[in-house]
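Notes to accompany the following structure.
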């Protein structure tokens, strides 16, 4: 990828930057300048974390800044562009992000312990806030998984197909520039080489490339 380009990864719920280390390593092997933005996923709401992300981005070099958000991290990026739309050029990729809501989170909310452990960021999602935000002017590629292995299945009724936590319909909104469904689970997105291929394709070309085109 061109020099002067920076890539920032944003983690998901209950995660620290360590969860993104395997993905960062694979992306760095593709000659990308990769940084990680980690945030308090439970203690602060999405827009507070978006403000922190905006401050973090100001500290980074590069004429072009790409963003990749995993799960809840994709909603932090959405909040960033709603509140701070004046960002440098770049593309966005979301991995298993519940853009249109989360069936699993709605089920967990019915239990007192569920509301407590999910925290403020998911409370924003459950209130439907992201669906009212201004959509990013930047190109956005949405990646979903359809390998249904994950804790979300414990609640039952998760719409099929799904990645075990987030339904494909929740992760692939019509507003996205491009959408790709891969045979991976929610957590497996962080480890699968096919996800790295899809991320690099979209960041470099603004579209998802079929394997036969890549060879």
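The values are calculated or read from the model by the stated rules, or taken from the named source; none is laboratory data. None of the values given here were measured: they were computed from a predicted structure. Positions of Cβ are generated from backbone atoms using ideal geometry, with glycine treated the same way; all protein chains shown enter the neighbour counts.
Applying the selection to segment 79-96, what residues are surrounded by fewer than 23 Cβ atoms within 10 Å (Cβ to Cβ) and either modelled with pLDDT under 95 or out of contact with any strand residue (DSSP E or B) (no Cβ under 6 Å at 6 or more places or on another chain) (or both)?
81, 82, 83, 84, 85, 86, 87
Looking for something farther than 24 Å from residue 15 by Cα and in contact with a strand residue (DSSP E or B) (Cβ under 9 Å, 6 or more places away or on another chain) - is there at least one such residue anywhere in segment 141-149?
no
So which of 17, 28 is touching a strand residue (DSSP E or B) at 6+ places or on another chain (Cβ under 6 Å) and more than 30 Å from residue 108 (Cβ to Cβ)?
28
Determine whether segment 74-86 contains at least one residue that is at positive phi and assigned to a loop (DSSP other than H, G, I, E, B).
No, segment 74-86 contains no residue that is at positive phi and assigned to a loop (DSSP other than H, G, I, E, B).
With (1) surrounded by 19 or more Cβ atoms within 10 Å (Cβ to Cβ); (2) assigned to a loop (DSSP other than H, G, I, E, B); (3) out of contact with any helix residue (DSSP H, G or I) (no Cβ under 6 Å at 6 or more places or on another chain) as the list, and residue 201 as the residue in question, which single condition is left unmet?
It is condition (2) that residue 201 fails.
Is it true that residue 37 is touching a helix residue (DSSP H, G or I) at 6+ places or on another chain (Cβ under 8 Å) and surrounded by fewer than 17 Cβ atoms within 10 Å (Cβ to Cβ)?
It is false that residue 37 is touching a helix residue (DSSP H, G or I) at 6+ places or on another chain (Cβ under 8 Å) and surrounded by fewer than 17 Cβ atoms within 10 Å (Cβ to Cβ).
Go through (1) within 25 Å of residue 40 (Cβ to Cβ); (2) within 16 Å of the chain's Cα centre (by Cα); (3) without any contact (Cβ under 8 Å) to a residue 40 or more places away in the chain; (4) crowded, with 16+ Cβ neighbours inside 10 Å one by one and return the number of the condition residue 168 breaks.
With (1) within 25 Å of residue 40 (Cβ to Cβ); (2) within 16 Å of the chain's Cα centre (by Cα); (3) without any contact (Cβ under 8 Å) to a residue 40 or more places away in the chain; (4) crowded, with 16+ Cβ neighbours inside 10 Å applied to residue 168, the lone miss is (1).
For segment 131-145, state whether one or more residues are assigned to a helix (DSSP H, G or I), within 14 Å of the chain's Cα centre (by Cα), crowded, with 21+ Cβ neighbours inside 10 Å and touching a residue at least 12 places away in the same chain (Cβ under 8 Å).
No, because not a single residue in segment 131-145 is assigned to a helix (DSSP H, G or I), within 14 Å of the chain's Cα centre (by Cα), crowded, with 21+ Cβ neighbours inside 10 Å and touching a residue at least 12 places away in the same chain (Cβ under 8 Å).
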